[in-house]
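The values are calculated or read from the model by the stated rules, or taken from the named source; none is laboratory data. These numbers were taken from a predicted model, which means no experiment stands behind them. Because the Cβ atoms are built from the backbone with ideal geometry, glycine has one as well, and the counts that use them run over all protein chains shown. Side chains are part of the model used for accessible areas, which takes the heavy atoms of the whole protein and leaves out ligands, DNA and RNA. Shrake-Rupley method; radii C 1.70, N 1.55, O 1.52, S 1.80 Å.
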Amino acid sequence: VIIHPFSIDEIKLILDHAKLPYRNFYALGFFTGMRTGEIVALKWDDIDLNNRDIHISRSMRMGIESTPKTANSFRSIEILDVLLPYLESQFKLTGNKKSYLFLTGNDTPIFDAKNIRDHDWKKLLKRLDIPYRPLYHMRHSFATLMIQNNEDILWVSYMLGHKSSKTTLERYAKYIKHKEKKRAQFLHQKFL
């Protein structure tokens, strides 16, 4: 798998210029690391704005609702502060429907992230002069940004729904920043 994450500046540009409801969809991808099929399958019953978590128990592809990719993919993830305004915005659009978060203009489920890719994503990236990457790279961008900024690898792995942190490390270890510093300084106090 070739990973070409979006930079934080590209993410900001995308979110600043995307139209509703696509903007909210992209924010979910960039700020949770959820798989695109998991985002499409989200229902308002899965969102707890008061306790600030999202329960992930299904995925949707080509109109077929199924379970997430692995047993670890059943999870409740944290709603980060940066994501909250986007969820509140989406609630104003579809919250009263008591259905899926993302609906078509006819109030039917989107059914597949390909619809978003074809109706908005490709055009948006082209308009912003950002090299094309699949929607799934929102997930990779979340993982790499969190790891580059020293977030706990166990937390990142859980947010992604990986089987273990080993999976996360195998995929994203090259994004860990290695600071130029003397190692094992704590030993100096006792032994030097």
Q. Right, D129: within 23 Å of L49 (Cβ to Cβ), not in a helix (DSSP H, G or I) and not aromatic (F, W, Y) or not?
A. no
Q: Would you be able to say whether some residue in region 60-68 is assigned to a strand (DSSP E or B) and over 26 Å from S157 (Cβ atoms)?
A: yes
Q. What are the pairs, 6+ residues apart or on separate chains, where a residue within region 82-108 that is within 10 Å of P21 (Cα to Cα) has its Cβ under 6 Å from a residue that is at pLDDT below 95 and among the hydroxyl-bearing types (S, T, Y)?
A. none
Q) Does L135 satisfy being closer than 21 Å to T168 by Cα, in a loop (DSSP other than H, G, I, E, B) and at pLDDT 90 or above? A) yes
Q) Within region 117-134, how many residues are within 15 Å of N24 (Cβ to Cβ) and open to solvent by 10 Å² or more (accessible area, probe 1.4 Å)? A) 2
Q: Restricting attention to region 23-51, report how many residues are in a loop (DSSP other than H, G, I, E, B) and either crowded, with 22+ Cβ neighbours inside 10 Å or of a type in the set (S, T, N, Q) (or both).
A: 7
Q) Cβ-Cβ below 6 Å, separation at least six or inter-chain, first residue in region 119-130 and under 18 Å from D9 (Cβ atoms), second assigned to a loop (DSSP other than H, G, I, E, B) and of a type in the set (S, T, Y): which pairs? A) L125/Y132
Q) Inside region 1-11, can you point out the residues that are in a helix (DSSP H, G or I) and open to solvent by 50 Å² or more (accessible area, probe 1.4 Å)? A) I8, D9
Q: State all residues of region 43-57 that are farther than 15 Å from M159 by Cβ and of a type in the set (A, V, I, L, M, F, W, C); if no residue qualifies, say none.
A: W44, I47, L49
Q. Is it true that R139 is under 16 Å from L28 (Cα atoms) and of a type in the set (D, E, K, R)?
A. yes
Q.
Among the residues that make up region 90-101, is at least one of them assigned to a loop (DSSP other than H, G, I, E, B) and either of a type in the set (S, T, Y) or closer than 24 Å to Y172 by Cβ (or both)?
A. yes
Q. How many of the residues making up region 12-22 are within 17 Å of K126 (Cβ to Cβ) and either open to solvent by 30 Å² or more (accessible area, probe 1.4 Å) or part of a helix (DSSP H, G or I) (or both)?
A. 7
Q: Only residues that are open to solvent by 10 Å² or more (accessible area, probe 1.4 Å) and touching a residue at least 60 places away in the same chain (Cβ under 8 Å): list them for region 141-162, please.
A: L145, M146, Y158, H162
Q: Tell me which of these M60 doesn't satisfy, since it passes every other one: (1) surrounded by fewer than 16 Cβ atoms within 10 Å (Cβ to Cβ); (2) over 13 Å from the mean Cα position of the chain (by Cα); (3) of a type outside the set (G, A, S).
A: (1)
Q) Do you know which of the residues in region 68-116 that are open to solvent by 70 Å² or more (accessible area, probe 1.4 Å) and in contact with a Pro (Cβ under 9 Å, 6 or more places away or on another chain) is farthest from K12 (Cα to Cα)? A) F74
